[in-house]
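To keep things clear, I will list the structure first and then write my remarks on it.
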Amino acid sequence: MFGISGEHLLILGIVLLIFGPRRLPELGNTLGKAIRNFKDAISGVEEAKFRKLPDEAQKTEAQPGSAANQATPETRT
């Protein structure tokens, strides 16, 4: 029946007994908002990480004494 097993119905019954039918929609709404905020925070961190990588690479290449701009002993002749 719609992929709901007896274990799921048992858990739903226990949750209904603990919180009651009036608070269950409020609890679901709060849980949904918390999950959405968590996903937004994770995606924000990933976007910030990808935005910083090119900027830091440009700073490293632009510095005159950086390892990227120094010639290796093999190339000096």
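Looking at the structure I just gave you, is E26 loosely packed, with under 10 Cβ neighbours inside 10 Å and either acidic (D, E) or assigned to a helix (DSSP H, G or I) (or both)? Full working, then the answer.
Numbers: loosely packed, with under 10 Cβ neighbours inside 10 Å: no; either acidic (D, E) or assigned to a helix (DSSP H, G or I) (or both): yes.
Spelling it out, it is not the case that E26 is loosely packed, with under 10 Cβ neighbours inside 10 Å and either acidic (D, E) or assigned to a helix (DSSP H, G or I) (or both).
Only one of I14, I4, I42 is modelled with pLDDT of 90 or more and not hydroxyl-bearing (S, T, Y); which? So that I can check it myself, show each step before the final result.
Details: I4 fails: modelled with pLDDT of 90 or more; I42 fails: modelled with pLDDT of 90 or more.
Answer to the check: I14.
The values are calculated or read from the model by the stated rules, or taken from the named source; none is laboratory data. In this text, all values refer to a predicted model and were calculated from it rather than measured experimentally. Cβ atoms come from the backbone with ideal geometry, glycine included; neighbour counts cover every protein chain shown.
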